[in-house]
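Since the structure comes first, as structure tokens, the remarks are kept for the end.
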Amino acid sequence: MQAQATAKFVRYAPRKVNQVLSLIRNKKVEKAFEILSFLPKGSTELVGKVLKSASANAGKLKDLSSIKVKEAWVGHGPRLKRMRPGPMGRGMPYKRETSHLTIVVTSVGVEADKKKVKSKTPKAPKAAAPKKAAEVKAASAKKAENTTEKG
């Protein structure tokens, strides 16, 4: 099952958002949130919100360890054209970049961490144990023979 979330027209440069996305691609969602919490980038807040939305869109999958980030990409949005004052009354143009962010999560191919469960049934004794018991009986029989011969 796949789910996706998008954020459009956000005021982050696509190149800077892609640096964050490259760290969480193909990771479990639980691990991705952990990576984002320790990453000193400005766009981690945006990526965290979109990732949270995508995992919520997954529906009945309540456990975050059972889903992973399948795809995450960012595209260029429209550039906002702005003017800055320049020398001699001129205007100096500059552009603010925007981006469109998409994250796809899936539950296919992800196994939940399995915990070791102790079996309640007792294990059968090994085959070596009866041999030892037979050897003990044979040794006691030899001792009995030795004592009767001496006495």
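The values are calculated or read from the model by the stated rules, or taken from the named source; none is laboratory data. A quick note: this is a predicted structure, and the numbers were derived from the prediction, not measured. Please note: Cβ atoms are built from the backbone with ideal geometry, for glycine as well, and neighbour counts cover all protein chains shown.
For the reader, a short list of remarks on this structure follows.
- Options P122, P87, P130: the member that is at pLDDT 75 or above and either over 20 Å from the mean Cα position of the chain (by Cα) or β-branched (V, I, T) (or both): P87
- If the condition is being in a strand (DSSP E or B), more than 30 Å from Q4 (Cα to Cα) and of a type in the set (A, V, I, L, M, F, W, C), then region 72-94 contributes M83, M92.
- Of the residues in region 50-61, not one is in contact (Cβ under 8 Å) with a residue 24 or more places away in the chain, of a type in the set (G, A, S) and touching a Lys or Arg at 6+ places or on another chain (Cβ under 6 Å).
- Here P93 fulfils each of the conditions (1) surrounded by 15 or more Cβ atoms within 10 Å (Cβ to Cβ); (2) free of Cβ contacts under 8 Å to residues at least 60 places away in the same chain apart from (1).
- Any hit, region 95-114, residues being assigned to a loop (DSSP other than H, G, I, E, B), modelled with pLDDT of 75 or more, touching a strand residue (DSSP E or B) at 6+ places or on another chain (Cβ under 8 Å) and over 30 Å from K31 (Cα atoms): no
- Scope region 54-78; condition surrounded by fewer than 17 Cβ atoms within 10 Å (Cβ to Cβ) and either modelled with pLDDT of 95 or more or not basic (K, R) (or both); matching residues: A56, N57, G59, D63, S65, S66, E71, W73, G75, H76, P78
- Of all residues in region 19-29 being in contact (Cβ under 8 Å) with a residue 40 or more places away in the chain and either touching a Phe, Trp or Tyr at 6+ places or on another chain (Cβ under 8 Å) or part of a helix (DSSP H, G or I) (or both), the one that is farthest from V69 (Cα to Cα): L21
Matching residues to (1) out of contact with any Ser or Thr (no Cβ under 7 Å at 6 or more places or on another chain); (2) in a helix (DSSP H, G or I):
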site: A5; (1), (2): no, no
site: K8; (1), (2): yes, no
site: V17; (1), (2): no, yes
site: K31; (1), (2): yes, yes
site: E34; (1), (2): yes, yes
site: P40; (1), (2): yes, no
site: S65; (1), (2): yes, yes
site: K70; (1), (2): no, no
